[in-house]
1. Considering only segment A:44-75, state which residues are part of a loop (DSSP other than H, G, I, E, B), surrounded by 11 or more Cβ atoms within 10 Å (Cβ to Cβ) and among the charged types (D, E, K, R).
2. Please report, ordered by residue number, the helices (runs of 4 or more DSSP H) entirely within segment B:207-288 with at least 1 residues that are under 25 Å from B:T74 (Cβ atoms) and in contact (Cβ under 8 Å) with a residue 12 or more places away in the chain.
3. Looking only at residues in segment B:89-125 that are assigned to a loop (DSSP other than H, G, I, E, B) and surrounded by 24 or more Cβ atoms within 10 Å (Cβ to Cβ), which one is nearest to the chain's Cα centre (by Cα)?
4. So, in segment B:150-165, of the ones that are part of a loop (DSSP other than H, G, I, E, B) and at pLDDT 70 or above, which residue ends up farthest from the other protein chains (Cβ to nearest Cβ)?
5. Condition first: assigned to a helix (DSSP H, G or I) and among the charged types (D, E, K, R). Now tell me which residues in segment A:96-130 satisfy that.
6. Failed condition for A:T206, given (1) crowded, with 23+ Cβ neighbours inside 10 Å; (2) within 8 Å of chain B (Cβ to nearest Cβ); (3) in contact (Cβ under 8 Å) with a residue 12 or more places away in the chain; (4) under 21 Å from A:V124 (Cα atoms), with all others met?
7. Any idea which residue in segment A:324-339 is surrounded by the fewest Cβ atoms within 10 Å (Cβ to Cβ), counting only those that are assigned to a helix (DSSP H, G or I) and within 10 Å of chain B (Cβ to nearest Cβ)?
8. May I ask you to list the residues in segment A:209-225 that are out of contact with any Cys (no Cβ under 6 Å at 6 or more places or on another chain), modelled with pLDDT under 80 and surrounded by 20 or more Cβ atoms within 10 Å (Cβ to Cβ)?
Amino acid sequence: MREAGVLTTARRGFRAGPVTGVWRTRAVLVAVVTAVLLVLVAAVNLGRGDFPIPVTEVVRILLGGGDPADAYIVTELRLPRTLTGAFVGAALGLSGALTQAVVRNPLASPDILGVTDGASLFAVASVVLAGGAGVSGLAVSPVGTPIAALAGGLVAAALVYVLAYRQGLDGFRLLLVGIAVSSAAVSLTTYLLVSANVQQAGQVLTWLRGSLASRSWENVVPAGLVLAVGLPLAIVLAFRLAALELGDEAARGLGVRVDRARAGVVGVAVVLAAVATACAGPIRFVALVVPQIMLRLSGGSRPPLVGSALGGALLVVAADLVARTVLGEAVPVGVVTVVVGAPYLLYLLVRRTRRRTV
Amino acid sequence: MTALADRPAGTRVPRGRRPALVVGIAVVALLVAMVLSVVVGAALLSPVQVWAGLTGTGADQTVAIVQDLRVPRTLLGALVGIALGVAGALMQGHTRNPLADPGLLGVSAGAGFLLVVAIQFLGITSLYGTVWFGFAGAGLASVLVFALASLGGSRAGGPTPVTLALAGVAVSELLIAITSALVLRDTSSLDAYRFWSAGALDDKDSLASLQIAPFVLAGLVLAAINAPGLNVLALGEDTARGLGHHVGRARALGIAAITLLAGSAVAVAGPISFVGLVAPHIARFFTGPDHRWLLPVAGLGGATLVLVADVVGRLVVRPGELQVGIVLAVVGAPFFIALVRRRKLARL
């Protein structure tokens, strides 16, 4: 397949410690542009609100200067929300890129590994069951739901992994088991939703659409930490991912321990998605669509890792900006990511006539 | 289709009677499930009473329960199950993706969207009315997906599997997002929507199966015509074209069949996604990838799954019941996982 062949004839490879790769000018360009856009959108987002602050002032505050009152508003009130959005988006984008590459399916996302639906089930249960029976004070509190979501995501993913493991981890079997476990979790969630009273149902439905409202530094830290660990790990795993893409036999021939590599990639993807879901609710669309958008922008044969992380962050922060300024706070950010992201993917699909395998 | 297309080059001629045997077993399983669905319910009736009810000789109440409630519901469940099973198999065949379900074409999302619009803006609440809106929404969404995917597909013949799948996801998600934004503003449509989206066979007009039967039938005919062509498409689009197949036409035919089947099922019973996703996989374990056998078995299996789940839903919380969409995945998932673990995987 011809890809960006106009720009380079022979690509230079590079190696830095455990990281090897090929220099793709276009992919790097796309990543840089995305990063710049991300910073711009984030700055605008920080300035917007009941008390508008100009972008230049925002930048000055972020660099350590500025008026103390404005600084308080930006760093204490608005920054956590924007950072949570950026970190969650990045984690989801990266997680999606890893999942799609490892199972070689453009429709795959961490949802398929059971993470999102398991997290949703536990979170909804924590609202509906605890709220209805008034049992546990911990579970109803805002701290309870994220912890329940995190636990649910990890439990469901572990279940999928264990059930799919049979003399090694087969990508196709992983998908099928993932479908079954997620469907069961979705069903139980729907059952809870139907049996809940209508206020709880509304509250749960809002959570299920993903929200960044009233996030504090408590949400920023876990998302930031998991990203700080996950991104380098993913980059180190990238070579193995490229080998897996050639098929199990070829990867073995290249000296990759296939099962271990696949388990590693899946593990990183699961933890990233679970933490992201715990922080902001299931913002489903990002992990599915951002890798596909970035793949179409950067070229190559599988979704770019860093590019997908940046793209995810940009999509979520931009969606938050649109939600806050145009649509009003009532619309959850999960809805807006779709409204912003889906038309763009459609545009890319219509514009490009090239065929892709992943 | 010509005799040549019936046995396209490259597809294996079925060995002996085995596929026919599988179809036979699937038919028997469906019949058993239908009988169970008529006999079991909140009101305890003996098989003798049920028979009297069926023939119209029993007590008035029994006749009413059997003829007006259980039989229509059983027929509807079977119809919905067949439609979703066949539509799922077609969808997985056309996108060549094991994750594809009939909803991927935007059918469920479109139906839900227009349903909420009908309730919220037009004040339509009758079941009979909302079914037509659901059906129209399903049709419009799938036409939109197919058009967008065709624009993005290969120049020569219709959308490629990947563009079809991605366009479907994008349109579906967009519609679901708009729907849930609409629903969050209004409690009455939230209530209608959350029950519709759970997927259920109860509380339906007893005419519901008559309403959708013609569409399902038309869809099944189109699916049958599409099956041999789908086998050839599985070899890859270029090979199919080289063998003299009109790829674009086969795709359009398949999409029309999926829209009719899944659209009518979703419009009455809500998005029961699990059947369309899993019934084709289960069928493929037994028939292999030949769509001429896969499609009927997926349909029969889908119907059996729906009816069994419906019966279980009536039993577990008697005298109340659980919606079939909820029971399906909870009951079906362990069974499916066991199958996935034991059987050698039949890939698409």
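1. A:R48, A:D67
2. Numbers: elements: B:208-233, B:237-242, B:247-269, B:273-287.
In segment B:207-288, B:208-233, B:247-269, B:273-287 are the helices (runs of 4 or more DSSP H) which contain 1 or more residues that are under 25 Å from B:T74 (Cβ atoms) and in contact (Cβ under 8 Å) with a residue 12 or more places away in the chain.
3. B:D101
4. Quick first cut of segment B:150-165, residues part of a loop (DSSP other than H, G, I, E, B) only: B:153-160.
Narrowing the set further to residues that are at pLDDT 70 or above leaves B:159-160.
Working: B:P159: 9, B:T160: 5 Å.
Top of the filtered list is B:P159.
5. So the first thing to find is which residues in segment A:96-130 are assigned to a helix (DSSP H, G or I), and the list is A:96-103, A:110-113, A:115-130.
Scanning segment A:96-130 gives A:D111, A:D117.
6. Failed condition: (1).
7. Of segment A:324-339, the ones assigned to a helix (DSSP H, G or I) are A:324-327, A:333-339.
Still in the list and also within 10 Å of chain B (Cβ to nearest Cβ): A:327, A:334-339.
Values: A:L327: 16, A:G334: 27, A:V335: 27, A:V336: 26, A:T337: 32, A:V338: 29, A:V339: 19.
Per the stated criteria, the residue is A:L327.
8. A:R209, A:G210, A:S211, A:L212, A:R215
The values are calculated or read from the model by the stated rules, or taken from the named source; none is laboratory data. Since the model is a prediction, treat every value here as computed from it, not as a measurement. No Cβ is skipped: glycine too gets one built from the backbone with ideal geometry, and neighbour counts run over all protein chains shown.
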